[in-house]
1. Note the full-extension length gain between ALA89 and HIS61 as 0.36 nm times their separation in residues minus their Cα-Cα distance, in nm to one decimal.
2. Output the peptides 243-250, 78-85, 50-57, 31-38 sorted from most to least packed, where packing is the average of other Cβ atoms within 10 Å over each peptide's residues.
3. Where in segment 146-167 is the amide nitrogen less than 16 Å from a point lying 7 Å along the Cα-to-Cβ axis of ARG109?
4. With the dipole of the chain worked out from charges on the C-beta (+1 for Lys and Arg, -1 for Asp and Glu) around the Cα centre, which of GLN77, LEU211, VAL88 lies farthest toward the positive end?
5. How do the peptides 261-274, 317-330, 291-304 rank, highest first, by the average count of neighbouring beta carbon atoms within 10 Å per residue?
6. In whole angstrom, and with the biggest value first, how far do the Cα coordinates of the chain range along each principal axis?
7. Taking Cα centroids, how far is segment 286-319 from segment 226-283 in Å?
8. Note the direction-averaged projected area, equal to a quarter of the hull surface, for the Cα convex hull of segment 265-332, in nm².
Amino acid sequence: MNDNKKKRVFSGIQPSGRLHIGNYLGAITNWVAEQHQYDNVFCIVDLHAITVPQDPQELYHKIRELALLYLACGLDQKDCAIFVQSHVAAHSELTWLLNCVTPLGWLERMTQYKDKSVKQESISTGLLDYPVLMAADIILYDTDMVPVGEDQKQHVELTRDIVLRFNNLFGETFVMPEPIIPKTGARVKGLDDPTAKMSKSSTNQGHALYLLDPPDVLRKSIMRATTDSLNKIAFDAEGQPGVFNLLSIYQALTKKSETEILSEFEGKGYGNLKKQVAEVVIGTLEPIQKRYADMAADPAYIEQVLKDGADRVRPIADHRLYVAQKHMGLRK
Ligand code: ATP
Ligand code: LTN
């Protein structure tokens, strides 16, 4: 399948809102750091985004914005195919095959489904089926590694269960993927509520640090972040979730050790910590925003990138779909 070749990495993000520092630290920055060692496929998972209601015009724009951000954050087309999920039909087709071997109970147990379904007035079948589509995304490309934030670990585990079951039923068909979760930045919390995951779909003011926010907005959100009244600088996720979240963002961006960071902030107040975090966040995002603006000036550019990406990966996906169909008795 992938012998003698670089290992394959696959990951994706939903074009369901504005990209934030949690998406950057939990996913993209790790894709960028390791890209030259692997054969990478990075997807814009628009079919996942429509499992909850989306405005069509806005969605179309968000897909392009996300693709440009992948590039602005440093993904290199030489090592990475970047494409839109719905442009490669095999994703939907394999999902159906996998649906027919996935017990319903496996899906009803998923925590993301439980969390998201309580927020919806009407729950689509797609929302429940979301993890099966994600499994199809991954295994269509003989993927070895899936770099994601902590919240997606359960979905990659489910993908592994589906691979095991399919291969047992129909013979060796799919490669077994591994989730890759970063040590820092895998679960960035909301600045307004450090007990909740920072999320694209939250509409709360001061909740997230968006990659395209101007410096003054970023600074304001950080300076207003919820902390505590203990006036102590410590990496204590349970006792001081707000301070822990700021320290973790700082650590993930600076790559400094906990000891170094603690000695840097020792004896100084939360105001100083917030100021330093703001400087590092702004310093990281400034060049990304500049590259984004340069590329966005030519709308034809991203269309070409997405067309090239889909053309590059389609034959890989079509082949694996064909093998699955053959093993199930659907094709000769
Ligand atoms: P939504 O709120 O629409 O579900 P999201 O913000 O959770 O969106 P996704 O598209 O679901 O974003 O996730 C994209 C990637 O970012 C995934 O790898 C996910 O694990 C990671 N990620 C999302 N939120 C965080 C977070 N708060 N901390 C670290 N990683 C995160
Ligand atoms: N469910 C993921 C997005 C996603 C994904 C994938 C991630 C869809 N398909 C395949 C890795 C591999 C999320 O981040 N919410």
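1. Separation in residues times 0.36 nm, less the Cα-Cα distance, equals 8.0 nm.
2. Peptide ranking by packing, descending: 243-250, 78-85, 31-38, 50-57.
3. 153-166
4. Farthest towards the positive pole: VAL88.
5. Result, highest mean Cβ count within 10 Å first: 317-330, 261-274, 291-304.
6. Sorted largest first, the three principal extents are 71, 45, 44 Å.
7. One Cα centre to the other: 36 Å.
8. On the way: hull surface 38.8 nm².
In nm², the orientation-averaged hull projection of segment 265-332 is 9.7.
The values are calculated or read from the model by the stated rules, or taken from the named source; none is laboratory data. What you are looking at is a predicted structure, and each value in this text was computed from that prediction instead of being measured. Don't worry about glycine lacking a Cβ; one is built from the backbone with ideal geometry, like all the others, and counts go over all protein chains shown. Ligands, DNA and RNA are excluded from the accessible area calculation, which covers all protein heavy atoms including side chains. Shrake-Rupley method; radii C 1.70, N 1.55, O 1.52, S 1.80 Å.
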